[in-house]
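Novice: Provided herewith is a single structure, encoded as structure tokens, for subsequent inquiry.
Coordinate-derived values only; no laboratory data. Since the structure is predicted, the reported quantities are computational estimates derived from the model, not experimental observations. So basically every Cβ, Gly included, is an ideal-geometry build from the backbone, and we count neighbours across all protein chains shown.
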């Protein structure tokens with residue numbers, strides 16, 4: 001005795017390329033079930049048999065500068081919060097009072113440039129680095145609030161130097177490298 005097919009059980013066939021969609025007809029080329037989107041998008045066949053020959057029109061637009069800045073700010077915000085909590089353990093420690101904020105700056109700057117998908121060059125890169133630096137300083141301010149011994153707005157070296165270290169970390173980490181000058185196309189380095 002054979003098992004009943006899906007059509008005999010009353011189950012609608014699913015698209016061969018998109019299994020979450022119900023099939024509306026069969027592909028005229030390969031006879032696989034296809035969904036309405038495939039039938040409308042592909043003039044001959046389906047996405048399964050057309051493969052790479054089908055030129056899909058992308059409806060997704062690339063992110064604009066504002067969206068990339070928001071992505072950078074969100075990523076640096078999360079890293080700044082976590083980094084501020086970690087840096088609160090090192091407030092007032094000798095070398096770590098400055099190394100901790102520098103690392104928070106580096107991670108905020110790195111997260112911002114990574115989230116914005118920029119190399120740090122141009123106007124957008126400068127803005128992203130600035131966002132990373134500002135949120136690194138806010139993370140260090142959070143560490144002062146959590147630790148409680150120093151005021152956030154104090155104008156003492158114990159507060160200003162960690163802020164400067166956080167800014168330096170954010171800006172130096174994402175500073176775009178300068179391209180090397182070529183020594184000549186035909187120059188040989190053999191000795």
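Novice: Quote to one decimal, in nm, the extra length available between residue 145 and residue 65 on full extension: 0.36 nm per residue of separation minus the C-alpha distance between them. If you can, show how the numbers build up before the last one.
Specialist: Working: separation 80, 0.36 × 80 = 28.80 nm, distance 3.29 nm.
That pair, residue 145 and residue 65, stretches by 25.5 nm at full extension.
Novice: Counting only Cα atoms, I'd like the Rg/Rh figure for the stretch 78-132, Kirkwood definition for Rh. Mind showing how you got there, number by number?
Specialist: Working: Rg = 12.7 Å, Rh = 11.7 Å.
In the stretch 78-132, Rg relative to Rh is 1.08.
Novice: Okay, next question. Run the numbers on the stretch 65-173 and let me know its relative contact order in percent, using alpha-carbon pairs under 8 Å that are six or more apart. Please list the in-between numbers first.
Specialist: Details: 207 pairs, mean separation 41.6, N = 109.
Normalised by residue count, the contact order of the stretch 65-173 is 38 percent.
Novice: Using the Kirkwood formula on the Cα atoms of the stretch 65-173, what hydrodynamic radius do you get, in angstrom to one decimal? Write down the numbers at each step before the final one.
Specialist: Numbers: mean 1/r = 0.0758 Å⁻¹.
Its Kirkwood hydrodynamic radius stands at 13.2 Å.
Novice: Can you order the peptides 62-68, 163-169, 95-101, 144-150 by their average number of other Cβ atoms within 10 Å per residue, highest first? Show your work: numbers first, answer last.
Specialist: Values: 62-68: 11.9, 163-169: 23.1, 95-101: 18.6, 144-150: 14.0.
With the highest mean Cβ count within 10 Å placed first, the list reads 163-169, 95-101, 144-150, 62-68.
Novice: Assuming 1.306 mPa s and 10 °C, estimate D for the stretch 125-175 with Stokes-Einstein, Rh taken as the Kirkwood radius over Cα pairs, in µm²/s.
Specialist: Numbers: Rh = 11.2 Å.
Translational diffusion coefficient: 142 µm²/s.
Novice: Once the piece of chain linking residue 119 and residue 161 is laid out straight, how much longer is it, given 0.36 nm per residue of separation minus the C-alpha distance between them? Could the numbers behind the result be given before it?
Specialist: Values: separation 42, 0.36 × 42 = 15.12 nm, distance 2.74 nm.
Full extension of this stretch gives 12.4 nm more.
Novice: Assuming 0.36 nm per residue, please report the length gained on full extension of the stretch residue 81 to residue 153 beyond their Cα-Cα distance. Don't jump to the answer; show the numbers that get you there.
Specialist: Working: separation 72, 0.36 × 72 = 25.92 nm, distance 1.82 nm.
Difference between extended and current length: 24.1 nm.
Novice: Another one. Would you mind listing how long the stretch 12-51 runs along its three principal axes, going by Cα atoms, in whole Å with the largest first?
Specialist: 23, 17, 15
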